[in-house]
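Notes to accompany the following structure.
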Amino acid sequence: MTDCDEIPADHPRHDSLVTRHRIEAGVDAGITSRQGLIAQGRGEAFDYLLGEETIPSADRAARAAAATLLAAEHPVLSVNGNVAALVPEAMVQLAETVDADLEVNLFNRTEKRMAAIESHLEDHGAREVKGRNADARIPGLSHERAKVDADGIKAADVVLVPLEDGDRAQALSEMGKTEIVIDLNPLSRSAQVAAIPIIDNILRAVPRITDHARDLAKAGPEAIEQARTDFDAAEALDAAEARIRDGL
Ligand code: ATP
(Lines give C-alpha, C1' and ligand atoms only; values in the text may rest on other atoms or scores of the structure.)
Protein backbone atom coordinates (compact mmCIF):
# COMPACT_ATOMS: atom_id res chain seq x y z
CA MET A 1 0.00 0.00 0.00
CA THR A 2 1.29 3.48 -0.86
CA ASP A 3 2.15 5.65 2.09
CA CYS A 4 0.37 9.03 1.95
CA ASP A 5 3.59 10.88 2.75
CA GLU A 6 5.18 9.43 -0.36
CA ILE A 7 2.70 11.18 -2.66
CA PRO A 8 4.38 14.42 -3.79
CA ALA A 9 2.24 17.52 -3.15
CA ASP A 10 2.67 18.61 -6.78
CA HIS A 11 1.51 15.28 -8.21
CA PRO A 12 -1.32 16.11 -10.65
CA ARG A 13 -3.57 13.47 -9.04
CA HIS A 14 -2.47 14.21 -5.47
CA ASP A 15 -5.90 14.56 -3.81
CA SER A 16 -7.21 11.51 -5.58
CA LEU A 17 -4.26 9.35 -4.51
CA VAL A 18 -4.40 10.56 -0.90
CA THR A 19 -8.15 9.92 -0.80
CA ARG A 20 -7.77 6.38 -2.13
CA HIS A 21 -5.00 5.58 0.28
CA ARG A 22 -6.92 6.87 3.32
CA ILE A 23 -10.11 5.00 2.41
CA GLU A 24 -8.15 1.80 1.89
CA ALA A 25 -6.50 2.25 5.30
CA GLY A 26 -9.93 3.03 6.81
CA VAL A 27 -11.33 -0.27 5.55
CA ASP A 28 -8.30 -2.15 6.90
CA ALA A 29 -8.77 -0.48 10.31
CA GLY A 30 -12.48 -1.37 10.49
CA ILE A 31 -13.50 2.30 10.30
CA THR A 32 -14.85 2.41 6.76
CA SER A 33 -17.29 -0.13 5.33
CA ARG A 34 -16.69 -1.85 2.01
CA GLN A 35 -19.59 0.17 0.60
CA GLY A 36 -17.44 3.18 1.48
CA LEU A 37 -15.07 2.13 -1.30
CA ILE A 38 -17.92 2.37 -3.79
CA ALA A 39 -18.96 5.79 -2.52
CA GLN A 40 -15.33 6.86 -2.87
CA GLY A 41 -15.18 5.67 -6.49
CA ARG A 42 -18.31 7.59 -7.33
CA GLY A 43 -16.96 10.74 -5.68
CA GLU A 44 -13.64 10.42 -7.46
CA ALA A 45 -15.32 10.46 -10.88
CA PHE A 46 -17.06 13.74 -10.05
CA ASP A 47 -13.87 15.22 -8.65
CA TYR A 48 -12.07 14.36 -11.89
CA LEU A 49 -14.73 16.25 -13.85
CA LEU A 50 -14.55 19.22 -11.49
CA GLY A 51 -10.81 19.42 -12.23
CA GLU A 52 -9.88 18.25 -8.71
CA GLU A 53 -10.02 21.79 -7.45
CA THR A 54 -12.36 23.92 -5.37
CA ILE A 55 -14.49 25.90 -7.79
CA PRO A 56 -15.43 29.49 -6.79
CA SER A 57 -19.07 28.59 -5.99
CA ALA A 58 -17.85 25.85 -3.62
CA ASP A 59 -15.63 28.36 -1.86
CA ARG A 60 -18.62 30.68 -1.39
CA ALA A 61 -20.61 27.72 -0.03
CA ALA A 62 -17.80 26.92 2.41
CA ARG A 63 -17.88 30.52 3.62
CA ALA A 64 -21.67 30.41 4.05
CA ALA A 65 -21.29 27.11 5.92
CA ALA A 66 -18.72 28.65 8.25
CA ALA A 67 -21.00 31.61 8.94
CA THR A 68 -24.00 29.35 9.56
CA LEU A 69 -22.05 27.14 11.96
CA LEU A 70 -20.75 30.20 13.85
CA ALA A 71 -24.26 31.64 14.14
CA ALA A 72 -25.85 28.34 15.24
CA GLU A 73 -27.16 27.65 18.74
CA HIS A 74 -26.25 23.99 18.68
CA PRO A 75 -24.23 22.89 15.64
CA VAL A 76 -23.36 19.21 15.16
CA LEU A 77 -20.86 17.69 12.71
CA SER A 78 -21.88 14.21 11.63
CA VAL A 79 -19.10 11.69 10.99
CA ASN A 80 -19.40 8.44 9.02
CA GLY A 81 -16.79 5.86 8.05
CA ASN A 82 -15.52 7.72 4.97
CA VAL A 83 -15.34 11.04 6.80
CA ALA A 84 -13.43 9.48 9.72
CA ALA A 85 -10.95 7.86 7.35
CA LEU A 86 -10.43 10.94 5.19
CA VAL A 87 -10.45 13.97 7.49
CA PRO A 88 -10.40 13.03 11.19
CA GLU A 89 -8.11 15.83 12.31
CA ALA A 90 -9.76 18.45 10.11
CA MET A 91 -13.19 17.55 11.54
CA VAL A 92 -11.88 17.88 15.10
CA GLN A 93 -10.36 21.27 14.27
CA LEU A 94 -13.58 22.49 12.66
CA ALA A 95 -15.62 21.33 15.67
CA GLU A 96 -13.29 23.28 17.98
CA THR A 97 -13.30 26.39 15.79
CA VAL A 98 -17.10 26.69 15.58
CA ASP A 99 -17.81 25.08 18.97
CA ALA A 100 -19.78 22.15 17.52
CA ASP A 101 -20.37 18.59 18.71
CA LEU A 102 -19.01 15.63 16.75
CA GLU A 103 -21.46 12.74 16.35
CA VAL A 104 -20.78 9.39 14.69
CA ASN A 105 -23.61 8.33 12.41
CA LEU A 106 -23.41 5.23 10.26
CA PHE A 107 -25.57 3.92 7.44
CA ASN A 108 -24.51 0.37 8.33
CA ARG A 109 -24.32 0.79 12.09
CA THR A 110 -22.41 -1.77 14.14
CA GLU A 111 -21.19 -1.20 17.68
CA LYS A 112 -17.70 -2.29 16.63
CA ARG A 113 -17.44 0.34 13.90
CA MET A 114 -19.01 2.99 16.15
CA ALA A 115 -16.31 2.30 18.77
CA ALA A 116 -13.51 2.19 16.18
CA ILE A 117 -14.51 5.57 14.76
CA GLU A 118 -14.93 7.12 18.21
CA SER A 119 -11.44 6.11 19.28
CA HIS A 120 -9.98 7.12 15.89
CA LEU A 121 -11.42 10.63 16.38
CA GLU A 122 -10.08 10.70 19.94
CA ASP A 123 -6.64 9.71 18.63
CA HIS A 124 -6.90 12.82 16.44
CA GLY A 125 -7.71 15.13 19.33
CA ALA A 126 -11.48 14.86 19.86
CA ARG A 127 -12.45 15.37 23.50
CA GLU A 128 -16.03 14.15 23.25
CA VAL A 129 -17.65 12.09 20.54
CA LYS A 130 -21.41 11.55 20.46
CA GLY A 131 -23.43 8.83 18.75
CA ARG A 132 -23.15 5.81 21.04
CA ASN A 133 -26.18 6.70 23.23
CA ALA A 134 -28.58 6.48 20.29
CA ASP A 135 -31.43 7.55 22.57
CA ALA A 136 -33.45 9.39 19.90
CA ARG A 137 -34.72 8.67 16.39
CA ILE A 138 -35.01 10.56 13.11
CA PRO A 139 -38.67 10.22 12.10
CA GLY A 140 -39.39 8.47 8.81
CA LEU A 141 -36.30 6.23 8.67
CA SER A 142 -35.94 2.53 9.40
CA HIS A 143 -34.55 1.49 12.78
CA GLU A 144 -30.73 1.42 12.58
CA ARG A 145 -30.33 4.39 10.25
CA ALA A 146 -32.67 6.48 12.38
CA LYS A 147 -30.57 6.33 15.57
CA VAL A 148 -29.11 9.60 16.86
CA ASP A 149 -28.22 11.12 20.23
CA ALA A 150 -30.97 13.12 21.96
CA ASP A 151 -28.47 15.79 23.02
CA GLY A 152 -26.63 15.63 19.66
CA ILE A 153 -28.19 15.62 16.20
CA LYS A 154 -31.74 15.41 17.57
CA ALA A 155 -31.26 18.70 19.46
CA ALA A 156 -29.14 20.43 16.79
CA ASP A 157 -30.31 23.45 14.81
CA VAL A 158 -27.49 23.17 12.24
CA VAL A 159 -25.98 19.87 11.07
CA LEU A 160 -23.01 19.33 8.80
CA VAL A 161 -23.54 16.02 7.03
CA PRO A 162 -20.67 15.23 4.71
CA LEU A 163 -21.20 12.36 2.25
CA GLU A 164 -24.66 11.68 3.64
CA ASP A 165 -27.09 9.14 2.27
CA GLY A 166 -29.92 10.92 0.41
CA ASP A 167 -32.74 9.46 2.52
CA ARG A 168 -31.26 10.56 5.77
CA ALA A 169 -30.39 13.99 4.41
CA GLN A 170 -34.00 14.37 3.35
CA ALA A 171 -35.34 13.17 6.71
CA LEU A 172 -33.06 15.57 8.59
CA SER A 173 -34.18 18.49 6.50
CA GLU A 174 -37.82 17.51 7.13
CA MET A 175 -37.02 17.74 10.87
CA GLY A 176 -36.29 21.41 10.27
CA LYS A 177 -32.51 21.20 10.62
CA THR A 178 -30.42 23.62 8.62
CA GLU A 179 -28.35 21.16 6.67
CA ILE A 180 -24.87 21.70 5.28
CA VAL A 181 -23.88 18.91 2.89
CA ILE A 182 -20.46 18.22 1.40
CA ASP A 183 -20.81 16.05 -1.70
CA LEU A 184 -19.00 15.96 -5.01
CA ASN A 185 -22.20 15.16 -6.90
CA PRO A 186 -24.42 18.23 -7.36
CA LEU A 187 -27.27 15.95 -8.46
CA SER A 188 -27.24 13.73 -5.36
CA ARG A 189 -30.38 13.98 -3.26
CA SER A 190 -28.29 15.07 -0.28
CA ALA A 191 -26.89 18.05 -2.17
CA GLN A 192 -30.32 18.88 -3.55
CA VAL A 193 -32.04 19.06 -0.13
CA ALA A 194 -29.22 20.95 1.61
CA ALA A 195 -29.63 24.56 2.68
CA ILE A 196 -25.89 24.83 1.90
CA PRO A 197 -24.51 22.29 -0.60
CA ILE A 198 -20.72 22.34 -0.84
CA ILE A 199 -19.80 20.58 -4.08
CA ASP A 200 -16.20 19.76 -3.32
CA ASN A 201 -13.93 16.99 -2.09
CA ILE A 202 -14.23 16.72 1.68
CA LEU A 203 -10.43 16.74 1.83
CA ARG A 204 -10.43 20.31 0.53
CA ALA A 205 -13.78 21.48 1.92
CA VAL A 206 -13.39 20.89 5.66
CA PRO A 207 -10.12 22.83 6.17
CA ARG A 208 -11.56 25.58 3.97
CA ILE A 209 -14.67 25.92 6.18
CA THR A 210 -12.37 26.17 9.21
CA ASP A 211 -10.27 28.89 7.54
CA HIS A 212 -13.40 30.88 6.68
CA ALA A 213 -14.73 30.42 10.22
CA ARG A 214 -11.50 31.85 11.69
CA ASP A 215 -11.69 34.83 9.29
CA LEU A 216 -15.36 35.48 9.95
CA ALA A 217 -15.00 35.18 13.72
CA LYS A 218 -12.39 37.96 13.52
CA ALA A 219 -14.50 40.02 11.09
CA GLY A 220 -17.53 40.04 13.41
CA PRO A 221 -21.33 39.59 13.36
CA GLU A 222 -22.05 41.76 10.32
CA ALA A 223 -19.64 39.79 8.12
CA ILE A 224 -21.14 36.54 9.42
CA GLU A 225 -24.66 37.71 8.61
CA GLN A 226 -23.59 38.85 5.16
CA ALA A 227 -21.93 35.53 4.30
CA ARG A 228 -25.12 33.70 5.32
CA THR A 229 -27.54 35.87 3.38
CA ASP A 230 -25.39 36.27 0.24
CA PHE A 231 -25.41 32.54 -0.47
CA ASP A 232 -27.74 31.00 -3.06
CA ALA A 233 -27.95 27.17 -2.97
CA ALA A 234 -29.54 26.77 -6.43
CA GLU A 235 -26.84 28.94 -8.00
CA ALA A 236 -24.10 26.85 -6.33
CA LEU A 237 -25.61 23.60 -7.63
CA ASP A 238 -25.99 25.05 -11.14
CA ALA A 239 -22.39 26.30 -11.19
CA ALA A 240 -21.05 22.87 -10.19
CA GLU A 241 -23.21 21.10 -12.75
CA ALA A 242 -22.05 23.51 -15.48
CA ARG A 243 -18.41 22.81 -14.58
CA ILE A 244 -18.99 19.05 -14.70
CA ARG A 245 -21.04 18.97 -17.91
CA ASP A 246 -19.40 21.71 -19.94
CA GLY A 247 -16.13 22.44 -18.18
CA LEU A 248 -17.37 26.02 -17.62
P1 ATP B 1 -28.04 10.17 -2.96
O2 ATP B 1 -28.80 9.07 -2.27
O3 ATP B 1 -27.82 11.40 -2.11
O4 ATP B 1 -28.48 10.53 -4.35
P5 ATP B 1 -25.84 8.39 -3.52
O6 ATP B 1 -26.68 7.21 -3.28
O7 ATP B 1 -25.20 8.66 -4.82
O8 ATP B 1 -26.55 9.73 -3.08
P9 ATP B 1 -23.84 7.33 -1.87
O10 ATP B 1 -23.28 6.44 -2.94
O11 ATP B 1 -24.54 6.78 -0.69
O12 ATP B 1 -24.71 8.47 -2.47
O13 ATP B 1 -22.70 8.28 -1.27
C14 ATP B 1 -21.64 8.68 -1.97
C15 ATP B 1 -21.72 10.16 -2.20
O16 ATP B 1 -20.59 10.74 -1.59
C17 ATP B 1 -21.66 10.42 -3.70
O18 ATP B 1 -22.56 11.42 -4.08
C19 ATP B 1 -20.20 10.90 -3.89
O20 ATP B 1 -20.11 11.88 -4.91
C21 ATP B 1 -19.88 11.52 -2.54
N22 ATP B 1 -18.45 11.43 -2.20
C23 ATP B 1 -17.64 10.34 -2.18
N24 ATP B 1 -16.39 10.66 -1.80
C25 ATP B 1 -16.38 12.00 -1.55
C26 ATP B 1 -15.39 12.92 -1.11
N27 ATP B 1 -14.13 12.54 -0.87
N28 ATP B 1 -15.75 14.20 -0.95
C29 ATP B 1 -17.03 14.61 -1.20
N30 ATP B 1 -18.01 13.77 -1.62
C31 ATP B 1 -17.71 12.50 -1.80
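Does GLU174 meet the test of being crowded, with 16+ Cβ neighbours inside 10 Å and either under 27 Å from THR229 (Cβ atoms) or within 15 Å of the ligand (Cβ to nearest atom) (or both)? No. Within the range 119-128, the set of residues being free of Cβ contacts under 8 Å to residues at least 60 places away in the same chain and either open to solvent by 20 Å² or more (accessible area, probe 1.4 Å) or in a helix (DSSP H, G or I) (or both) comprises SER119, LEU121, GLU122, ASP123, HIS124, GLY125, ARG127, GLU128.
To keep it simple, each residue is scored yes or no on (1) more than 16 Å from the ligand (Cβ to nearest atom); (2) in contact (Cβ under 8 Å) with a residue 12 or more places away in the chain; (3) buried (at least 23 other Cβ atoms within 10 Å of the Cβ).
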{"site": "VAL83", "(1), (2), (3)": "no, yes, yes"}
{"site": "VAL87", "(1), (2), (3)": "no, yes, yes"}
{"site": "MET91", "(1), (2), (3)": "no, yes, yes"}
{"site": "ASP99", "(1), (2), (3)": "yes, yes, no"}
{"site": "LEU106", "(1), (2), (3)": "no, yes, no"}
{"site": "ILE117", "(1), (2), (3)": "yes, yes, yes"}
{"site": "ALA155", "(1), (2), (3)": "yes, yes, no"}
{"site": "ASP165", "(1), (2), (3)": "no, yes, no"}
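Inside the range 40-81, residues that are within 12 Å of the ligand (Cβ to nearest atom) and in contact with a strand residue (DSSP E or B) (Cβ under 6 Å, 6 or more places away or on another chain) make up a count of 1.
Looking at ALA191, ALA134, just one residue is farther than 18 Å from GLU73 by Cβ, more than 15 Å from the ligand (Cβ to nearest atom) and open to solvent by less than 40 Å² (accessible area, probe 1.4 Å), and that residue is ALA134. The one condition from (1) charged (D, E, K, R); (2) part of a helix (DSSP H, G or I); (3) more than 26 Å from GLU44 (Cα to Cα); (4) touching a helix residue (DSSP H, G or I) at 6+ places or on another chain (Cβ under 9 Å) that ARG113 does not meet is (3). Listed here are the helices (runs of 4 or more DSSP H) enclosed by the range 143-212 that have at least 1 residues being under 22 Å from ASP232 (Cβ atoms) and in contact with a helix residue (DSSP H, G or I) (Cβ under 6 Å, 6 or more places away or on another chain): 166-174, 189-193.
In the condition set (1) more than 16 Å from ILE182 (Cα to Cα); (2) surrounded by 23 or more Cβ atoms within 10 Å (Cβ to Cβ), LEU69 is compliant with all but (1). Taking the criterion of being surrounded by fewer than 22 Cβ atoms within 10 Å (Cβ to Cβ) and near the ligand (Cβ under 8 Å from one of its atoms), the only residue of the range 203-212 that qualifies is LEU203. Scanning the range 18-57 for residues that are within 19 Å of the chain's Cα centre (by Cα), farther than 25 Å from VAL104 by Cα and aliphatic (A, V, I, L, M) gives ALA45, LEU50, ILE55.
Can you say whether ALA25 is surrounded by fewer than 20 Cβ atoms within 10 Å (Cβ to Cβ), more than 13 Å from the ligand (Cβ to nearest atom) and either touching a residue at least 40 places away in the same chain (Cβ under 8 Å) or assigned to a helix (DSSP H, G or I) (or both), as far as the supplied structure shows?
It is true that ALA25 is surrounded by fewer than 20 Cβ atoms within 10 Å (Cβ to Cβ), more than 13 Å from the ligand (Cβ to nearest atom) and either touching a residue at least 40 places away in the same chain (Cβ under 8 Å) or assigned to a helix (DSSP H, G or I) (or both).
Taking the criterion of being at pLDDT below 80 and either under 19 Å from the mean Cα position of the chain (by Cα) or in a helix (DSSP H, G or I) (or both), the residues of the range 1-14 that qualify are CYS4, ASP5, GLU6.
The values are calculated or read from the model by the stated rules, or taken from the named source; none is laboratory data. Please read all numbers here as calculations on a predicted model, not as lab measurements. As a convention, Cβ positions derive from the backbone with ideal geometry for all residues, glycine included, and neighbour counts pool all protein chains shown. Calculation scope for accessible area: heavy atoms of the full protein, side chains included, ligands and nucleic acids excluded. Shrake-Rupley method; radii C 1.70, N 1.55, O 1.52, S 1.80 Å.
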